Amino acid sequence: MTRLVQIQHAKEGRRVAVVLDSRLCLLTDTGSVYELAQKALDSGSSLEATVEAVRSKEFLDYDPIYEGRSDWHLLPPIDQPQEPTRCLVTGTGLTHKKSAENRQAMHTAQAAPVTDSMRMYQWGLEGGHPAQGEIGSQPEWFYKGTGEVLRAHGEPLEVPSFGFDGGDEAEVAGIYIVDHAGNPRRIGFAQGNEFSDHKLESKSYLYLAHSKLRYCAIGPELVVTAEIEEAHGTVRIFRGQAVLWSKPFATGEKNMSHSIANLEHHHFKYPQHRHPGDLHVHFFGADSFSYGEGIELVDGDIMEVELAGFGRPLRNPLRVDRSKPPLVEVKPL
């Protein structure tokens with residue numbers, strides 16, 4: 001599978017590169033994956049063929065860039081450099097059994113009846129894998145923000161001054177561009193940390209929408225592949241030099257209550273999600289997260305997501321803004 005990174009240098013500007021183990025092969029005259037995808041659409045070629053056509057003979061060592069020891073630094077593996085607001089970041093929850101169980105425990109006593117969260121997960125089990133050409137059960141859906149909320153490997157994920165906490169959500173995200181005719185086209189997939197405020201959500205399920213309006217991270221690499229049948233990984237929390245918490249997780253269609261095609265249909269069925277030239281980053285749901293096991297992250301903790309086949313692990317420190325939340329006042333015009 002082809003794996004791409006976006007990197008930036010203070011003087012050299014932006015480049016896209018293909019990951020070749022410990023080296024990065026730079027692409028000629030390509031500053032973004034968005035630009036690369038547009039070239040593929042314009043030429044009618046596949047993305048992989050477009051990548052091959054612009055490979056250069058320039059190489060960089062990946063290790064110092066990944067470790068933050070280079071003048072080059074990693075960017076999120078997808079963005080819209082000119083208009084970040086033309087990238088929509090969204091997600092689908094309750095696609096994995098463990099996430100549904102955690103949500104159930106968050107909002108009800110053990111002896112209470114089944115919650116709407118568990119019912120929605122069960123609807124996915126019953127109708128989330130429709131036959132080809134059929135429409136399946138509608139999943140949960142949430143909005144995180146525009147491309148301005150995306151963070152790269154190594155960048156902090158922040159708990160805002162008005163937030164209650166911040167917690168890891170190791171997931172896969174689908175990366176899409178809408179073509180000139182308004183058809184969504186999948187660029188590839190990336191591992192990610194969807195990151196949300198679980199403590200706020202636990203106060204009331206009706207705060208779920210607020211809890212998702214947080215920064216999130218994807219990468220460091222974008223995987224150009226047609227499907228994800230099954231993938232296994234590990235999410236870890238580091239406090240200082242020690243591993244505070246670690247958990248294996250499984251994702252991909254074999255481990256989800258919905259097929260990816262069904263999730264894609266229910267996201268892109270809305271005409272406002274099919275505006276030509278727009279990018280979409282859509283998270284497919286978490287299998288495990290530390291908050292569900294009683295872990296409360298603190299400033300300086302590092303969240304790591306490692307998923308086999310998706311390249312190097314994604315690591316992001318937690319930053320907590322402890323300042324007093326400012327009052328946002330609206331004045332009449």
Checked segment 235-292 for anything open to solvent by less than 30 Å² (accessible area, probe 1.4 Å) and of a type in the set (Val, Ile, Thr); matches are Val235, Ile237, Thr251, Ile260, Val281
For segment 286-318 the number of residues that are aromatic (Phe, Trp, Tyr) and modelled with pLDDT of 95 or more is 1
Output for segment 205-251, where each listed residue is over 26 Å from Glu264 (Cβ atoms) and part of a strand (DSSP E or B)
Thr234, Arg236, Ile237, Phe238, Arg239, Ala242, Val243, Leu244, Trp245, Ser246, Lys247, Pro248
Restricting the search to segment 253-285, which residues are assigned to a loop (DSSP other than H, G, I, E, B) and either at pLDDT 95 or above or not hydroxyl-bearing (Ser, Thr, Tyr) (or both)?
Met256, His258, Lys269, Tyr270, Arg274, His275, Pro276, Gly277, Asp278, Phe284, Gly285
Does any residue in segment 125-149 that is closer than 14 Å to Gly285 by Cα come within less than 9 Å, Cβ to Cβ, of a residue that is open to solvent by less than 20 Å² (accessible area, probe 1.4 Å) and of a type in the set (Phe, Trp, Tyr) six or more places away or on a different chain, and which pairs are these?
Phe142/Phe283; Lys144/Phe195; Lys144/Phe283
Can you tell me which residue within segment 206-225, out of those that are open to solvent by 30 Å² or more (accessible area, probe 1.4 Å) and without any contact (Cβ under 8 Å) to a residue 24 or more places away in the chain, is farthest from Asp63 (Cα to Cα)?
Leu206
Return only the number of the condition from (1) open to solvent by less than 20 Å² (accessible area, probe 1.4 Å); (2) within 20 Å of Arg185 (Cα to Cα) that Gln38 does not satisfy.
(1)
Wholly within segment 143-204, strands (runs of 3 or more DSSP E) carrying at least 3 residues that are open to solvent by 20 Å² or more (accessible area, probe 1.4 Å):
184-193
Looking across segment 58-69 at residues that are touching a residue at least 24 places away in the same chain (Cβ under 8 Å) and open to solvent by 30 Å² or more (accessible area, probe 1.4 Å), the single one that is farthest from Val224 (Cα to Cα) is Gly68
Condition first: without any contact (Cβ under 8 Å) to a residue 40 or more places away in the chain and either touching a strand residue (DSSP E or B) at 6+ places or on another chain (Cβ under 6 Å) or closer than 25 Å to Val33 by Cα (or both). Can you find one or more residues in segment 272-294 that meet it?
yes
Given Ile175, Ile218, Ile187, which one is of a type in the set (Val, Ile, Thr) and in contact with a helix residue (DSSP H, G or I) (Cβ under 7 Å, 6 or more places away or on another chain)?
Ile187
Can you find a residue in segment 301-321 that is surrounded by fewer than 20 Cβ atoms within 10 Å (Cβ to Cβ), of a type in the set (Asp, Glu) and without any contact (Cβ under 8 Å) to a residue 12 or more places away in the chain?
no
The residue that is most open to solvent (accessible area, probe 1.4 Å), considering only those in segment 322-332 that are out of contact with any Asp or Glu (no Cβ under 9 Å at 6 or more places or on another chain) and in contact (Cβ under 8 Å) with a residue 60 or more places away in the chain, is Lys324
Please tell me if Pro317 is within 20 Å of Glu194 (Cα to Cα), in contact with a Pro (Cβ under 7 Å, 6 or more places away or on another chain), in a loop (DSSP other than H, G, I, E, B) and not aliphatic (A, V, I, L, M).
no
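The values are calculated or read from the model by the stated rules, or taken from the named source; none is laboratory data. This structure is a prediction, so every number in the text was calculated from the model and none was measured. A quick note on method: Cβ atoms are made from the backbone with ideal geometry, for glycine too, and the neighbour counts reach across all protein chains shown. We work out accessible area using only protein heavy atoms, side chains counted, and drop any ligands, DNA or RNA first. Shrake-Rupley method; radii C 1.70, N 1.55, O 1.52, S 1.80 Å.
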